[in-house]
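K.L.:
I have a structure here, written as structure tokens, and I will follow up with some questions on it.
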Amino acid sequence: MRTLSTPSRRRRLVAERAAPYGGVLSRPLLRDLGVDHRAVAREVASDRWVPLGRQTVATHLGTLPAEAMWWRAIWEIGPGHPALDGVTGLQAYGLTGYDEPRLHVSVTHGWRPLPVEGVRLHHVGRLDDEVRSLRGMPCVRPEIAAVRAAHWAVSGRQAALVLVMAVQQGLVGAERLTWAARTVRARKRRALVPLLVQDIVDGAQSLGELDFATLCRQRGLPEPDRQVVRRGPRGRIYLDVRWSDIGLVVEIDGSQHRMGLAVTADNLRQNEVTLGADRVLRVDLVGLRLLPDAFMAQIVRAHAQLRR
């Protein structure tokens, strides 16, 4: 077997060391391997490696995975104990299906690192007891990251989306998310985020506090019956809202209606009600919180049509 030359052996060693970091290494880690700035410059000049900032080097020319860019953000920000936070922190824990153009990293107040391209830096009051080591990477605990992601979102709808997705994908439990919503301080959406969390984790209680009857009165609708009980072939059917005189039913779904076999049960229930000649409108609780006018306009139209 041919003996590897010193540069070849070094590149293999670097590649092995970089693998857990998604193919990137910091300059201090490279120095620990005996690769100084001159050696890095030679590899870059030979089109083998690519510098990704002041502190980060990609050890190949291929596409870099998400974790490589997370490590880059941490290393480029520097020694002020940065941690992935918000949507980026949730993605490190496994969040999928939510795109965010920039990475979110938090540092404590008083630390002023240089800007890093593609990274949104947040200064928070404390981090020591909020951070976990996730495969060596510092990440804010998922319940805190979820609440901060909602506060930092570009709109109320995006705030609701990231909270719902974090719960549905099993990244955050109801009890911890409720605690975080009460604990995390932020300037934006201080009233909305706790309400959204309550809607998501405890739909039945939130529906009462939302007061659907008030929404109806504000739009000239008569107050409907609540929690109507019907008898179906599979037993009792409980309806959230019904105008019995015209056969209009509104079902208001919390996040629990999207989990497990809840969708199947809801479909069976709605089919029975529809076969009984009632018209059924479905409204999700978070949507009613964020877009009450749009959903209530549909309910008003249905009420008017059925009264003709």
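The values are calculated or read from the model by the stated rules, or taken from the named source; none is laboratory data. Note that the coordinates shown come from a computational prediction; the quantities given were computed from them, not determined experimentally. Don't worry about glycine lacking a Cβ; one is built from the backbone with ideal geometry, like all the others, and counts go over all protein chains shown. Please note that ligands, DNA and RNA were not included when accessible areas were found on the heavy atoms of the full protein model with its side chains. Shrake-Rupley method; radii C 1.70, N 1.55, O 1.52, S 1.80 Å.
K.L.:
Checking the conditions here, which among Thr63, Thr6, Thr56 is open to solvent by 80 Å² or more (accessible area, probe 1.4 Å) and within 31 Å of the chain's Cα centre (by Cα)?
P.N.:
None of the other options fit; the residue is Thr63.
K.L.:
Kindly list the number of the only condition in (1) over 26 Å from Ala294 (Cα atoms); (2) touching a residue at least 40 places away in the same chain (Cβ under 8 Å); (3) not small (Gly, Ala, Ser) that fails for Arg112.
P.N.:
Condition not satisfied by Arg112: (2).
K.L.:
If the requirement is being surrounded by fewer than 15 Cβ atoms within 10 Å (Cβ to Cβ), among the polar types (S, T, N, Q), under 27 Å from the mean Cα position of the chain (by Cα) and at pLDDT 75 or above, which of these qualifies: Thr183, Thr214?
P.N.:
Going through Thr183, Thr214 in turn, the sole match is Thr183.
K.L.:
Something else: Please state which one of Gln305, Gln270 is modelled with pLDDT under 80, farther than 27 Å from Val154 by Cβ and assigned to a helix (DSSP H, G or I).
P.N.:
Gln270
K.L.:
Taking Trp75 as the residue in question, decide whether it is in contact with a Gly (Cβ under 8 Å, 6 or more places away or on another chain), open to solvent by less than 30 Å² (accessible area, probe 1.4 Å) and within 30 Å of Ala181 (Cα to Cα).
P.N.:
No.
K.L.:
Trp49 fails exactly one of the following numbered conditions: (1) farther than 30 Å from Leu171 by Cα; (2) surrounded by fewer than 23 Cβ atoms within 10 Å (Cβ to Cβ). What is the number of that condition?
P.N.:
(2)
K.L.:
Take the residues of the range 154-186 that are outside any helix (DSSP H, G or I) and in contact (Cβ under 8 Å) with a residue 12 or more places away in the chain: which is farthest from His109 (Cα to Cα)?
P.N.:
Checking each candidate, the answer is Gln169.
K.L.:
Show the residue pairs meeting these rules: Cβ distance below 9 Å; 6+ apart or different chains; first residue within the range 188-202 and in contact (Cβ under 8 Å) with a residue 40 or more places away in the chain and farther than 14 Å from Arg148 by Cα; second residue assigned to a loop (DSSP other than H, G, I, E, B) and open to solvent by less than 50 Å² (accessible area, probe 1.4 Å).
P.N.:
Correct list of pairs: Asp199/Gly254; Ile200/Gly254; Val201/Gly173; Val201/Gly254; Asp202/Gly254.
K.L.:
In the range 93-139, how many are within 28 Å of Gln168 (Cα to Cα), open to solvent by 70 Å² or more (accessible area, probe 1.4 Å) and not charged (D, E, K, R)?
P.N.:
So the count comes out to 4.
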